[in-house]
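Report on one structure; see the data block that follows.
The values are calculated or read from the model by the stated rules, or taken from the named source; none is laboratory data. As the structure is a prediction and not an experimental result, all values here were calculated from the model. All Cβ positions, glycine included, derive from the backbone under ideal geometry; neighbour counts span all protein chains shown.
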Amino acid sequence: MSMSSIITLTLPGERLFARVATQAATSVADLVTGNARHEPAGRDFSHAFELAVSEAFTNSVTHARENATAQVVKLTFLFEQRQLTVSVHDANDPFTIETPVPDIESFPENGFGLLIIRKVMDRVIYRRDGDSNILSMSKAL
Amino acid sequence: MKFSLDNIDGQLVGIARLEGRLDSSNSKPFQKTFLEWLEKTPLLVFDCSLLEFIDTSGLGAIVGCLRKTLEKKGDLRLAGLNDKVAMVFELTQAKRLFSIFSNRGDAASSFAAEPNPETT
Amino acid sequence: MKTILAFREEEYAWVHETFPCVHPLLLPLCNKPFIEFLIDFAILAGSSGVRILCDGGLDALEQYCEDGSRWGIDLSYASIHPDDSIHTMLGKNRKFCGEERVMIVSGFNFIRYDKRLDYKNLATSRPTGEWAACPGGRITLTGVPAKTALDWTLAELSLMPLDSMASFYRASMEALETGATRYVLPGYGDEPGCAFGRNVVISKSVEIRKPVSIGNNVQLLANTIIGPSAIIGSNVIIDRQSSVESSIVFDNTYIGEHLKVDGRIASGNRLNDPKSGASIAMEDPHLLSGIKKKWDIRSLPRKIVHAVAALGLIAVFFIPFIILWPLLKLGGHWKSTRADFLSERTDATLPLGKVEVDSSSAQAAIAIALSLDRYLWLFRVLTGQLALIGSSPLLAEKTRPDLLLGALTYRPGVFSYAEAEDWPATGGDATIVERFHLAHSNPLSDISLVIKAFINRLQEKSAI
Amino acid sequence: MTISETSKIGIAILSLNGTLDALSAPEFRNNRSVIDPEKTVVVDLQQVDFIDSSGIGAIVSASRQKRQPTGGIVLSCMNDRVRKVFEITNAQKLFHIFDDTIAAVDFAATRQKSAGA
């Protein structure tokens, strides 16, 4: 199927809306997988987006600057050349995606988010655009 | 890399000890140094016991050395190849071109048993 | 009956070091992934469900085996701890085991079995307890036997630990020699001891000495000698005058010219001696060969020939391009995205517009058939930034470690050699055919390959 | 997410239902049986359809608070999607994972007994 137009979703930057973000991600992923959504590969594809968006959204909300007014997180979806890309935009301080893998033996509580994103996605690109962070995550069908 | 001359039964044998790696980064200067050795004697031994790694260009360099030695009616013999280096010689069948000895002493004394080469 | 296959990372840690590109449980034995021998045996013993337990990652394995529907069984996965006893493992999988008889195969071992024998009867009738064992693990049965014991001495079953490169080599050779009579092995062959995969190109002068097993997409070039006892994986090229005897060549390996591979395991650019355990990584882009890298001298005439041919193509396709391009562009069927690609020089990138034509209309189909989507790239050949034919351009963010070793492995082109040979255009398959041509092509053969690539694209598009 | 708690032979069984993510993790984290360092807890994940790193983090941190870190929390009945996230983060190494809750309780009870002895 072809879906080269961009879908945009803007959500308040609050934990409560994480489910809205992940459900949007799974819906879009299901849409592009079409009939394959019931097969293992299709299910993995939409689970990957559910996970990645959940992690990215949580990161955006957790690292939001205090007292920032009208804090929002924007998601864009683009399906092109059999590859789905979701970008998560926020207005937080810059960060890096080159985080070390936490050592599980020391029972870490966090730091897994970007590890998960990198594992389930084919490509993760972070870029700073003016005052916003854009985390683009792509996976080919 | 160390080079020494030994007198073995009246034969002047040059023994070069190769060390570390011989690859594209150092095979050219190696060939230049070799020409200096060759001027001293055409009977040569490469002691490879400290040679850890060799690649195509390193192997090419050693084969080139052999060719130049043979042109001078001498011979280049090898000694003490480690497993990895031996594997490269075997794989490329360069092994067939060389007389290979387990240590430098055997390689050097092997020249003694032969009649004098023609001097150039 | 149910089967549990249990592994501990520590048992196969050596595989990670020696063959890092493959998940140890997928290590190919005679061109068949290790785990499949075990799954075959579980099925032979009458299992309807198989569960794979491991204390390490199973991701790659799961991607390969999926849910087992390929074998007609239920395949599932679970994790264990390295010190779990059989009792604990059964507890952790109580739901899976149910009330049925369970066969537990533990350890990274090669199972010697014979597919002609009736293991199903044996597995249901043997008394509870150990069935076979070796230092690396055992096969155990739990639960009450359904029937009285048969004469089970008839069925051969033994285990061989795969604890080193040497034992892996021995097991592979054993599987090759006992061949398809005992195991289910991949490949086709008219005669026993000779198994070939799909798309194997054999030059006339090649000598094949049984037994051999050859994978998919393999090229055996002139005067090569294959075997006896050669296991050659998929996407492999054995170049002219080389011989492979008593050896294993892994997937995606290029064996250069005039080489003698005897008693070795070659994997990518790594050559291993299973007997001494010695292993050497060739720093050449492909397995050591006598090829002299004289690209700097040869590249100029090549560039001229490519540029002249590109100019010809530009002239020929100017009219179709000038007609179709505006039509498609206006109709929204022509999309161009600009991206940075890796250029031939390792330190530079090359911005290129990648064109995507939506092939729904007739004009679009013609445009694709005529490769007009590549038309603008032809101008890059004139400037020398692209070759007319070479590797598929790679996105700049992709890192290819072997790229640093010199331009021999990568020369971005308008068309790729993989397209000319009609090989799968992505992944390891394409890389290997591109490497071969990058090492062997000359300006003239390049032109004929461009024509081939062009015709392939034409046929492919008209087939759609 | 909802948590329902039962108990069997002295082992607390927490059955989670729904999504275990950043929003619902505190609820799990603050559960009384989870906090108690002496108590061995079996967490039944059968009805958990989604877990992310915050969920994993909550379970890992709960486990750290237990007197026996790799035995204080025993997991059961995770589906494939949940299992994958455990694998990605390598957290499966920290837990004993069962496909049956009763078997998990049996295991936890034996562990507790041998630890107490």
Which of the residues spanning region A:24-45 are within 10 Å of another protein chain (Cβ to nearest Cβ) and either in a helix (DSSP H, G or I) or farther than 18 Å from A:ARG82 by Cα (or both)? A:THR26, A:PRO40, A:ALA41, A:ARG43, A:ASP44
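Quick one: which strands (runs of 3 or more DSSP E) sit completely within region C:68-164 and have at least 2 residues that are away from chain D (no Cβ under 14 Å) and touching a Gly at 6+ places or on another chain (Cβ under 8 Å)?
Working: elements: C:74-79, C:102-106, C:109-112, C:129-134, C:137-142, C:158-161.
So the answer is C:102-106, C:137-142, C:158-161.
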Criterion: without any contact (Cβ under 8 Å) to a residue 24 or more places away in the chain and surrounded by 17 or more Cβ atoms within 10 Å (Cβ to Cβ) - qualifying residue of C:GLY56, C:GLY107, C:GLY91, C:GLY49: C:GLY91
When the residues of region A:105-136 are filtered to those that are of a type in the set (A, V, I, L, M, F, W, C) and in contact with a Lys or Arg (Cβ under 6 Å, 6 or more places away or on another chain), which remaining residue is nearest to A:PHE45 (Cα to Cα)? A:MET121
Hand me the list of strands (runs of 3 or more DSSP E) wholly inside region B:22-120 holding 1 or more residues that are of a type in the set (S, T, N, Q) and closer than 28 Å to C:ARG270 by Cβ. B:43-54
Among (1) farther than 22 Å from C:LEU271 by Cα; (2) out of contact with any Leu (no Cβ under 8 Å at 6 or more places or on another chain), where does B:VAL13 come up short? (2)
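Run down A:PRO102, A:PRO108 and say which single residue is surrounded by 18 or more Cβ atoms within 10 Å (Cβ to Cβ), in contact with a Gly (Cβ under 7 Å, 6 or more places away or on another chain) and closer than 30 Å to D:ALA62 by Cα. Walk me through it before giving the result.
Details: A:PRO108 fails: in contact with a Gly (Cβ under 7 Å, 6 or more places away or on another chain).
None of the other options fit; the residue is A:PRO102.
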Can you tell me which of (1) more than 14 Å from every other protein chain (Cβ to nearest Cβ); (2) without any contact (Cβ under 8 Å) to a residue 12 or more places away in the chain; (3) charged (D, E, K, R) is the one B:ASP47 doesn't meet? (2)
For region C:258-268, name all the residues that are in a loop (DSSP other than H, G, I, E, B) and facing another protein chain (nearest Cβ under 10 Å). C:HIS258, C:LEU259, C:GLY263, C:ARG264
Residue under evaluation A:ALA64, criteria (1) out of contact with any Lys or Arg (no Cβ under 6 Å at 6 or more places or on another chain); (2) free of Cβ contacts under 8 Å to residues at least 60 places away in the same chain; (3) surrounded by 17 or more Cβ atoms within 10 Å (Cβ to Cβ); (4) closer than 26 Å to D:ASP80 by Cβ, criterion not met: (4)
Name, by its number, the condition in (1) closer than 16 Å to C:SER247 by Cα; (2) in contact with a strand residue (DSSP E or B) (Cβ under 9 Å, 6 or more places away or on another chain); (3) among the charged types (D, E, K, R); (4) at pLDDT below 95 that does not hold for C:ARG198. (1)
Any hit, region C:341-348, residues being farther than 18 Å from C:GLY390 by Cβ and surrounded by 14 or more Cβ atoms within 10 Å (Cβ to Cβ): no
Yes or no: C:TYR375 under 20 Å from the mean Cα position of the chain (by Cα) and at pLDDT 65 or above? no
Filter region B:50-85 down to the residues that are within 11 Å of chain C (Cβ to nearest Cβ), more than 10 Å from the chain's Cα centre (by Cα) and over 16 Å from B:ARG17 (Cα atoms) and list them by number. B:ASP55, B:THR56, B:SER57, B:GLY60, B:ASP83, B:LYS84
One residue from C:SER167, C:SER172, C:SER246 being surrounded by fewer than 22 Cβ atoms within 10 Å (Cβ to Cβ), at pLDDT 95 or above and under 21 Å from the mean Cα position of the chain (by Cα): C:SER246
Provide a single number: the residues in region A:57-75 that are more than 9 Å from every other protein chain (Cβ to nearest Cβ) and in contact with an Asp or Glu (Cβ under 9 Å, 6 or more places away or on another chain). 9
Tally, over region C:33-67, of residues that are part of a helix (DSSP H, G or I) and more than 10 Å from every other protein chain (Cβ to nearest Cβ): 15
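For region D:10-25, name all the residues that are in a loop (DSSP other than H, G, I, E, B), free of Cβ contacts under 8 Å to residues at least 60 places away in the same chain and either within 18 Å of D:ALA108 (Cα to Cα) or among the aliphatic types (A, V, I, L, M) (or both). Working first, answer last.
Restricting attention to region D:10-25, the residues satisfying the condition of being in a loop (DSSP other than H, G, I, E, B) are D:10, D:21-24.
Right, trim to free of Cβ contacts under 8 Å to residues at least 60 places away in the same chain and you get D:21-24.
Answer for region D:10-25, where residues must be in a loop (DSSP other than H, G, I, E, B), free of Cβ contacts under 8 Å to residues at least 60 places away in the same chain and either within 18 Å of D:ALA108 (Cα to Cα) or among the aliphatic types (A, V, I, L, M) (or both): D:ALA22, D:LEU23.
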For region D:60-101, which residues satisfy the criterion of being free of Cβ contacts under 8 Å to residues at least 24 places away in the same chain and farther than 23 Å from A:LEU51 by Cβ? D:ARG64
Determine whether region C:207-224 contains at least one residue that is at pLDDT 90 or above, surrounded by fewer than 19 Cβ atoms within 10 Å (Cβ to Cβ), part of a loop (DSSP other than H, G, I, E, B) and not aliphatic (A, V, I, L, M). yes
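The rows are residues; the columns are (1) more than 24 Å from B:LYS84 (Cβ to Cβ); (2) assigned by TED's automatic domain parsing to the domain that holds C:PRO28; (3) free of Cβ contacts under 8 Å to residues at least 40 places away in the same chain.
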residue: C:GLY187; (1), (2), (3): yes, no, no
residue: C:SER203; (1), (2), (3): yes, no, yes
residue: C:GLY233; (1), (2), (3): no, no, no
residue: C:ARG240; (1), (2), (3): yes, no, yes
residue: C:VAL249; (1), (2), (3): no, no, yes
residue: C:ASP262; (1), (2), (3): no, no, yes
residue: C:ALA266; (1), (2), (3): no, no, yes
residue: C:LEU271; (1), (2), (3): no, no, yes
residue: C:LYS275; (1), (2), (3): no, no, no
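Quick check on A:ALA36: is it more than 30 Å from D:GLY71 (Cβ to Cβ) and surrounded by fewer than 21 Cβ atoms within 10 Å (Cβ to Cβ)? First the steps, then the outcome.
Values: more than 30 Å from D:GLY71 (Cβ to Cβ): yes; surrounded by fewer than 21 Cβ atoms within 10 Å (Cβ to Cβ): yes.
Spelling it out, A:ALA36 is indeed more than 30 Å from D:GLY71 (Cβ to Cβ) and surrounded by fewer than 21 Cβ atoms within 10 Å (Cβ to Cβ).
Looking only at helices (runs of 4 or more DSSP H) that fall completely inside region D:26-117, which ones have 2 or more residues that are among the charged types (D, E, K, R) and at the interface with chain A (Cβ under 10 Å from one of its Cβ atoms)?
On the way: elements: D:32-35, D:53-65, D:80-89, D:101-116.
So the answer is D:80-89.
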What helices (runs of 4 or more DSSP H) lie completely within region C:317-393 and have 3 or more residues being within 22 Å of A:GLN83 (Cα to Cα), outside the structural domain of C:PRO443 (by TED's automatic domain parsing) and hydroxyl-bearing (Ser, Thr, Tyr)? none
